[in-house]
Amino acid sequence: MSFSPKEALPPIPKVVQRLGWVSLFQDAAGDMVYPLLAPLLRSMGAGGAALGALEAVSEGVSAVIKWRSGAWADRGDRKRLVVIGYAIAALARPIIGFAVAPWQVIALRSTDRVGKGVRSAPRDAMLASAVDPRHRARAFGFHKMMDNAGAVLGPLMAFSLAQFLSWTPRDIIKFSIVPGVLAVAMLVFGVKDTAAPSKTGANSSIADKSSIDTGAKRYLAALFVFTLGASADSFLLLQLSKLGLATALIPIAWLSLNGVKALTNIPGGRVSDRFGHKRTLVVAWTLYAAVYALFPWMTSWVSAWALMLVYGMYYGLSEGGEKALVVELVPADQRGRALGAMHALVGVATVIANIGFGLLFDLSARTAFWASATFAMLGAVMLAVTVPVTARRDA
């Protein structure tokens, strides 16, 4: 155990809190738009393959940027990178409301994800530096809670605008610029990187291209395999739609999923800190595999929605521990690079997962869900068998 059950928990550091609020506004903007992408594509005559292409291309672009942004974070101004990343997303996303063809939606969504690629590793490195190592998963869990709370607020705003003001999906997408700009403003004026890395020369260990430790390699390999089964959650919404869920209720379904995530992020982080990040991740990934194996058996949107809420607990158990574990497996001066590698490999695997799932989904939804369950379970086995339990990095 990382701490005694009687030990008083320290307050969440201010940097973590404020970055959490930034993510809340940014995700409110993003999740006003995200649940509407599938219906928007369907209105253009596109189906599962187009949705898979959208997720695959956007995640692929993001993955390339993430690979480099981690190294940039170790060398220079992390906050500047985070600001650039959030600003790109805040400005590109609303333009989707003007798109008239699927390829335009894909291009604009990809630009949005460029922003995510730039900001993810530097932001996570800032979070890791700001918190006591014994409570890293809790801190990451807090950040994801705020992230997911924004993902609740966004669909709720979209639903309210549609129901009470009769706004169209395109109107709602355009309006997403408001919370996006608020996120950037809060970041610029309210967040200070209290432990920014020093700039380093070409001969520094950060500039070294040597590979990371074996334990980290094994973890990233297991995470890659698991993510081959982790297709976009938008496919769950598409399945609910196929089972008869009204389009007006899709944002509410998305809201409910993110509500479960938000409610379980901090408890899940505490569980991970106390009982071990590896052990908790094995449980979380196994839960994911079980849910995807059961999803094709759901014959009504009510039962599928209920199972989707169970699935939300996977996020609570995993999101804090996934990042905390990779931080423990590398030296502090390579933290950004390791986090960037993690984000990038997840992005590449997500490209493959979304292309494969999209093509299979159009042929047989059952086959698509079962293929995802198989990869998820294989990743859980690899994590359990090949990744060592490591001492906590206190630096």
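The values are calculated or read from the model by the stated rules, or taken from the named source; none is laboratory data. All figures in this text were calculated on a predicted structure; none of them were measured in a lab. Using ideal geometry, Cβ is built from the backbone for each residue, glycine included, and neighbour counts are taken over all protein chains shown.
What do you reckon, is V64 outside any helix (DSSP H, G or I), at pLDDT 75 or above and either among the polar types (S, T, N, Q) or surrounded by fewer than 18 Cβ atoms within 10 Å (Cβ to Cβ) (or both)? No.
This table checks each residue for (1) surrounded by fewer than 21 Cβ atoms within 10 Å (Cβ to Cβ); (2) in a helix (DSSP H, G or I).
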| site | (1), (2) |
| --- | --- |
| T299 | yes, no |
| S303 | yes, yes |
| A353 | no, yes |
| V385 | yes, yes |
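A residue that is of a type outside the set (K, R) and over 19 Å from the mean Cα position of the chain (by Cα) occurs nowhere in the stretch 308-327. Looking only at residues that are β-branched (V, I, T) and out of contact with any Asp or Glu (no Cβ under 8 Å at 6 or more places or on another chain) in the stretch 3-21, which one is modelled with the lowest pLDDT? This residue is I12.
Within the option set V326, V330, being part of a loop (DSSP other than H, G, I, E, B), modelled with pLDDT under 90 and of a type outside the set (G, A, S) holds for one residue only, V330.
Taken together, the criteria exclude A87 from residues that are closer than 30 Å to L363 by Cβ, assigned to a helix (DSSP H, G or I) and in contact (Cβ under 8 Å) with a residue 40 or more places away in the chain.
The residue that is nearest to T367 (Cα to Cα), counting only those in the stretch 226-265 that are of a type in the set (V, I, T) and surrounded by fewer than 20 Cβ atoms within 10 Å (Cβ to Cβ), is T247. Suppose the filter is in a helix (DSSP H, G or I) and at pLDDT below 90; does G316 pass it? No. Do you know which of the residues in the stretch 123-150 that are touching a Phe, Trp or Tyr at 6+ places or on another chain (Cβ under 7 Å) and closer than 15 Å to V15 by Cα is surrounded by the most Cβ atoms within 10 Å (Cβ to Cβ)? My answer is M146.
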